[in-house]
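First comes the structure, then the notes that go with it.
The values are calculated or read from the model by the stated rules, or taken from the named source; none is laboratory data. Nothing here was measured: the structure is a model prediction, and the numbers come from that model. So basically every Cβ, Gly included, is an ideal-geometry build from the backbone, and we count neighbours across all protein chains shown. Heads up: the accessible areas ignore ligands, DNA and RNA and are worked out on the full protein's heavy atoms, side chains in. Shrake-Rupley method; radii C 1.70, N 1.55, O 1.52, S 1.80 Å.
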Amino acid sequence: MNKQKILSEGRKFWVQKDNVERIIQKISWLSKEELFLLDDVSITVNQFRKIKEDFRKLSFWYPLEYILELAEFYWLEFFVDKRCLIPRDDTEVMVEECLKAIDNMEWEVSYIDVWTWSGAIPISVVSNTNKLYSTSLWLDVSPDALEVASLNVDNYQLEDKIVLIKSDLLGAVLENKLYKKGASMIITANLPYIKDEDYWNMDKEVILHEPSLALYGWKKTWFEMYERLIDEVSTIKEIWNLVEVVLFIEIWFDQKKTAQNFLDKQKLLYKINYDNSWIERCIEITF
């Protein structure tokens with residue numbers, strides 16, 4: 001089939017050329033370079049029908065990442081679909097600061113990731129350091145998300161380094177008295193933090209198609225889930241007699257003051273880090 005015919009079909013749905021080409025690549029298994037050199041693409045009638053359906057989805061703000069079943073994060077690629085949150089480059093600051101903290105710790109470090117979703121954050125962490133204890137715990141309340149994370153764990157051949165657990169925050173760790181060795185611990189958590197369904201500050205594709213479980217804190221202050229998590233982290237530090245625990249969390253663009261008020265009351269040390277857009281996004285909390 002002529003490539004220009006497919007591009008023309010994409011224009012009918014106002015799909016950008018780059019996105020049209022990426023969809024063609026997914027269907028045809030051609031590289032970007034191969035597609036550029038070809039005038040005709042080996043596409044069946046059924047495949048062309050699927051491409052047009054993908055164009056229609058995009059016109060209704062369906063995320064391109066779900067169509068491609070692919071998201072790029074911290075120079076890695078991850079399988080994603082509608083069962084999980086799409087990882088975004090704003091969150092890469094959490095990985096970057098987490099790796100710095102691990103590098104600065106004197107002892108081998110235990111690692112837990114809370115609400116892991118696709119596994120993008122913890123896979124990026126585990127793949128870029130050799131200072132973690134051999135097995136880390138990745139927790140999520142959603143069985144669907146754990147299935148997606150498992151696929152990415154398999155893809156990066158990390159099965160021997162990861163334990164995936166269904167858990168509401170750190171509940172399963174505390175209830176089952178899961179023991180982690182070591183004097184230091186790193187915890188990453190990207191919990192639902194959007195307050196009062198703040199639709200005015202969200203993209204349509206997020207509102208319409210990404211899992212609400214991953215987005216909304218449902219409370220007026222939005223910080224309640226983090227308050228629970230911080231309390232559980234304090235408990236873990238005490239019962240495991242850890243020398244140091246560092247927790248990384250992500251906040252919404254206008255939530256710095258609320259977070260500061262709570263952390264100051266708890267007399268916790270913390271540092272707020274900027275994301276790639278210079279928004280105060282990631283808070284590093286030391287226990």
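Distance between the 7 Å Cα→Cβ label points at V45 and I279: 4.7 nm. Model label points for E53 and D154, set 7 angstrom from Cα along the Cα-to-Cβ axis, are 2.3 nm apart.
Would you kindly state how much longer the chain becomes between L178 and Q260 on full extension, computed as 0.36 nm times their sequence separation minus their alpha carbon distance, in nm to one decimal?
This chain segment gains 26.4 nm when fully extended.
Protein-only accessible surface at a 1.4 angstrom probe places the residues S127, S167 in the order S127, S167, largest first. For the range 151-185 and the range 1-40, compute the distance between their C-alpha centroids and round to whole Å. Cα centroid to Cα centroid, the span is 41 Å. Summary of the geometry: the range 214-287 and the range 98-148, compared by the centres of their Cα atoms, lie 17 Å apart. With a Förster radius of 22 Å applied to the C-beta separation of R88 and V163, the computed FRET efficiency comes to 0.25. Only protein heavy atoms count here; under a 1.4 Å probe, R88 has an accessible surface of about 80 Å². Per residue, the accessible area of the chain comes to 52 Å² when a 1.4 Å probe rolls over the protein heavy atoms.
For K57, the aspartates and glutamates whose Cα falls under 18 Å of its own Cα, not counting residues fewer than eight places away in the same chain, are E9, D18, E21, E65, E69, D81, D203, E205, E210.
Ignoring any ligand, DNA or RNA, what whole percent of the accessible area of the chain comes from carbon and sulfur when the probe is 1.4 angstrom? Ligands and nucleic acids excluded, carbon and sulfur reach 49 percent. Note on the chain: GNM, Cα springs under 10 Å; of I186, I239, I123, the largest mean-square fluctuation is that of I239.
Between the listed residues A120, V95, V109, the Cα displaced farthest toward the positive end of the dipole of the range 57-142, a dipole computed from Cβ unit charges relative to the Cα centre, is found at A120.
Solvent-accessible area of W107, all protein chains in place: 120 Å² (probe radius 1.4 Å, heavy atoms, ligands and nucleic acids excluded).
The Q25 and E108 beta-carbon pair, evaluated with R₀ = 51 Å, returns a calculated FRET efficiency of approximately 0.75.
Suppose the chain between T221 and K237 were pulled fully straight at 0.36 nm per residue; how much longer would it get relative to their current alpha carbon spacing?
Length gained, T221 through K237: 3.2 nm.
Each helix, a run of at least 4 DSSP H residues, gives -39500 (n - 2.57); summed and divided by the residues of the chain, these come to -12000 deg cm²/dmol at 222 nm. Residue ranking by accessible heavy-atom surface, 1.4 Å probe, largest first, among K32, K265, K100 comes out as K265, K32, K100. All C-alpha pair distances within the chain, sorted into 5 Å bins from zero, spread as 1, 5, 12, 14, 17, 15, 12, 8, 6, 5, 3, 2, 0, 0 percent across the bins. With the whole protein complex present, V126 retains an accessible surface near 20 Å², based on a 1.4 Å probe. Derived from the Cα gyration tensor, the three semi-axes of the equivalent ellipsoid of the range 27-124 are 37, 16, 10 Å, largest first. Highest average first, the peptides 14-22, 187-195 ordered by how many other beta carbon atoms sit within 10 Å of their residues are 187-195, 14-22. Ordered from largest to smallest accessible area (heavy atoms of protein chains, 1.4 Å probe), the residues F79, F253, F248 come out as F253, F79, F248.
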